[in-house]
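Presented below is the structure to which this report refers.
The values are calculated or read from the model by the stated rules, or taken from the named source; none is laboratory data. The structure presented is a predicted model; accordingly, all values stated were derived computationally and were not measured. Using ideal geometry, Cβ is built from the backbone for each residue, glycine included, and neighbour counts are taken over all protein chains shown. Please note that ligands, DNA and RNA were not included when accessible areas were found on the heavy atoms of the full protein model with its side chains. Shrake-Rupley method; radii C 1.70, N 1.55, O 1.52, S 1.80 Å.
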Amino acid sequence: MTPTMTVVLPCYNAAALLAETLASLSAQTLADFECIAIDDGSTDATRAVLDAHAAQDPRFVVVSRGNRGLIATLNEAIGLARGQWIARMDADDIARPERLARQLARLNETGADVCGVGIRFFGERDGLWLPPENDAALKAALLFNPPFAHPGVVARAALFKAHGYDAGAQHAEDYALWCTFAKAGAVFTAIAEPLLDYRVHPGQITQSRRTEMAETGARIRADYARSALPADWPESDKRRFAELAGPDRLLDRSDWFTFTAWLITLAQPQTRAAFCTVWLDALIRTHGVDWRCKKRFSLLSQQLPPPDEERGKWQRQRARVLAGDAVYGLIKKLRGRA
């Protein structure tokens, strides 16, 4: 019988953490799934862990071969998937028991094609990352970065099979694919609850390949901005917006005023949630902050208030605006010596 959902699980030297991940999948309240687990040429006991689990749970299909890299592995698993829906999962994360069932229910309720979830970070970092929930806000959020975590996504198998991951978008392959889905007319939704526990550790690509990921992300962002920003914007403004939106781009005070003015223009009732942390993160990247930012800070706080989980960040930046960079830096230095 064809399963409703296929979980795509790429594995590479994941033996130390994999058993917990596999157990979380077997414990899903949605029973009608298959898991395509591909051992991408691991040199540790990954294959043995997969085989042992598959012997206990026949829903798991194990493929083992030489190393080909993440993107090739993902595309191979997509090609093997039999389900109507494809769920992503990484070999070091933990799915809450209700994750797949909740996402399938949301997709069926909304008629959407792609569903993300909120995540709880654990390991070397704690905290929450909760996405916007409606299509317009999620597509607006793509102007900056992926609006949800890669291993927490469920989408129509037909979309995955029609587009697949771009080999030229290494280390930002998820961002490229969600932008491709959006440009193809896919409808997005998300559940703003932490249904995935996302492990943070030094071995992750996101920690070790930041420069390459930033360069690829900048290219994807600029391409998406050309189609997603208002049609009446000049191409020069679209390019400038994409440059200032880059999370690693340092800004001066003038840049921040320009960028946040654009955010205010773009923020509509359905898209507002996409911008409520972007302006604050942009302020963190800005040098030369002083009292001249106070009025804009107050306006943004009223029109685009950050969510509760960002309250501490907002308070620190408010103190910085009131004190100015010079005084705020001195206070931080003195506190560090105390």
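Consider segment 136-170. How many of its residues are closer than 18 Å to Gly246 by Cα and open to solvent by 20 Å² or more (accessible area, probe 1.4 Å)?
Matching residues across segment 136-170 total 4.
Is there a residue being more than 25 Å from Trp129 (Cβ to Cβ) and of a type in the set (S, T, N, Q) anywhere in segment 207-222?
No, there is no match, as no residue in segment 207-222 is more than 25 Å from Trp129 (Cβ to Cβ) and of a type in the set (S, T, N, Q).
Kindly indicate whether any position in segment 47-59 is outside any loop (DSSP other than H, G, I, E, B), within 21 Å of Gly164 (Cα to Cα) and either over 23 Å from the mean Cα position of the chain (by Cα) or of a type outside the set (Phe, Trp, Tyr) (or both).
No, there is no match, as no residue in segment 47-59 is outside any loop (DSSP other than H, G, I, E, B), within 21 Å of Gly164 (Cα to Cα) and either over 23 Å from the mean Cα position of the chain (by Cα) or of a type outside the set (Phe, Trp, Tyr) (or both).
Of the residues that sit in segment 285-302 and are touching a helix residue (DSSP H, G or I) at 6+ places or on another chain (Cβ under 9 Å) and open to solvent by 80 Å² or more (accessible area, probe 1.4 Å), which one is nearest to Asn134 (Cα to Cα)?
Restricting to residues being touching a helix residue (DSSP H, G or I) at 6+ places or on another chain (Cβ under 9 Å) and open to solvent by 80 Å² or more (accessible area, probe 1.4 Å), the top hit is Lys294.
Pick out the one residue from Glu124, Glu76, Glu133 that is under 30 Å from Ile264 (Cα atoms), surrounded by fewer than 22 Cβ atoms within 10 Å (Cβ to Cβ) and touching a strand residue (DSSP E or B) at 6+ places or on another chain (Cβ under 7 Å).
Working: Glu124 fails: under 30 Å from Ile264 (Cα atoms); Glu76 fails: under 30 Å from Ile264 (Cα atoms).
Result of the check over Glu124, Glu76, Glu133: Glu133.
For segment 13-29, which positions are under 15 Å from Arg88 (Cα atoms) and either assigned to a loop (DSSP other than H, G, I, E, B) or at pLDDT below 95 (or both)?
Selection gives Gln28 alone.
Kindly provide the set of residues from segment 109-132 that are over 29 Å from Gly79 (Cα atoms), in contact (Cβ under 8 Å) with a residue 60 or more places away in the chain, part of a loop (DSSP other than H, G, I, E, B) and over 11 Å from the mean Cα position of the chain (by Cα), ordered by number.
Glu124, Arg125, Pro132
Take the residues in segment 185-216 that are open to solvent by less than 30 Å² (accessible area, probe 1.4 Å) and modelled with pLDDT under 95, then tell me which one is farthest from Gln270 (Cα to Cα).
As a first pass, look at segment 185-216 and keep what is open to solvent by less than 30 Å² (accessible area, probe 1.4 Å): 186, 188-191, 195-197, 200, 204, 216.
With the extra rule that they be modelled with pLDDT under 95, the set shrinks to 200, 204, 216.
Working: Val200: 32, Gln204: 34, Thr216: 28 Å.
The qualifying residue farthest from Gln270 (Cα to Cα) is Gln204.
Here are the criteria: (1) touching a residue at least 40 places away in the same chain (Cβ under 8 Å); (2) within 27 Å of Leu22 (Cβ to Cβ); (3) surrounded by 18 or more Cβ atoms within 10 Å (Cβ to Cβ). Tell me which single one Ala182 does not satisfy.
Only one criterion in (1) touching a residue at least 40 places away in the same chain (Cβ under 8 Å); (2) within 27 Å of Leu22 (Cβ to Cβ); (3) surrounded by 18 or more Cβ atoms within 10 Å (Cβ to Cβ) is unmet by Ala182, namely (2).
Can you give me the number of residues within segment 231-254 that are within 25 Å of the chain's Cα centre (by Cα) and open to solvent by less than 60 Å² (accessible area, probe 1.4 Å)?
Counting residues in segment 231-254 that are within 25 Å of the chain's Cα centre (by Cα) and open to solvent by less than 60 Å² (accessible area, probe 1.4 Å) gives 7.
I'd like to check something: does segment 8-25 contain any residue that is surrounded by fewer than 22 Cβ atoms within 10 Å (Cβ to Cβ) and among the β-branched types (Val, Ile, Thr)? Reasoning before the result, please.
Taking segment 8-25 as the starting set, the residues that turn out to be surrounded by fewer than 22 Cβ atoms within 10 Å (Cβ to Cβ) are 12-13, 15-17, 19-20, 23-24.
Still in the running and among the β-branched types (Val, Ile, Thr): none.
Scanning segment 8-25 turns up no residue that is surrounded by fewer than 22 Cβ atoms within 10 Å (Cβ to Cβ) and among the β-branched types (Val, Ile, Thr).
How many residues does segment 276-333 contain that are touching a residue at least 24 places away in the same chain (Cβ under 8 Å), more than 20 Å from Leu250 (Cα to Cα) and charged (D, E, K, R)?
Here the count works out to 2.
Restricting the search to segment 311-330, which residues are modelled with pLDDT under 90 and open to solvent by 40 Å² or more (accessible area, probe 1.4 Å)? Spell out the reasoning first.
Initial filter on segment 311-330 (modelled with pLDDT under 90): 326-330.
Those that are modelled with pLDDT under 90 and open to solvent by 40 Å² or more (accessible area, probe 1.4 Å): Ala326, Val327, Tyr328, Leu330.
Given the structure, is Thr277 under 18 Å from Leu143 (Cβ atoms), open to solvent by 30 Å² or more (accessible area, probe 1.4 Å) and hydroxyl-bearing (Ser, Thr, Tyr)? Lay out the reasoning, then the answer.
Numbers: under 18 Å from Leu143 (Cβ atoms): yes; open to solvent by 30 Å² or more (accessible area, probe 1.4 Å): yes; hydroxyl-bearing (Ser, Thr, Tyr): yes.
Taking the combined requirement at face value, the residue satisfies it.
Looking at segment 247-338, what helices (runs of 4 or more DSSP H) fall wholly within it and have at least 1 residues that are closer than 28 Å to Ala222 by Cα? Steps first, answer last, please.
On the way: elements: 253-266, 278-284, 294-303, 311-323, 325-337.
In segment 247-338, the matching helices (runs of 4 or more DSSP H) lie at 253-266, 278-284, 294-303, 311-323.
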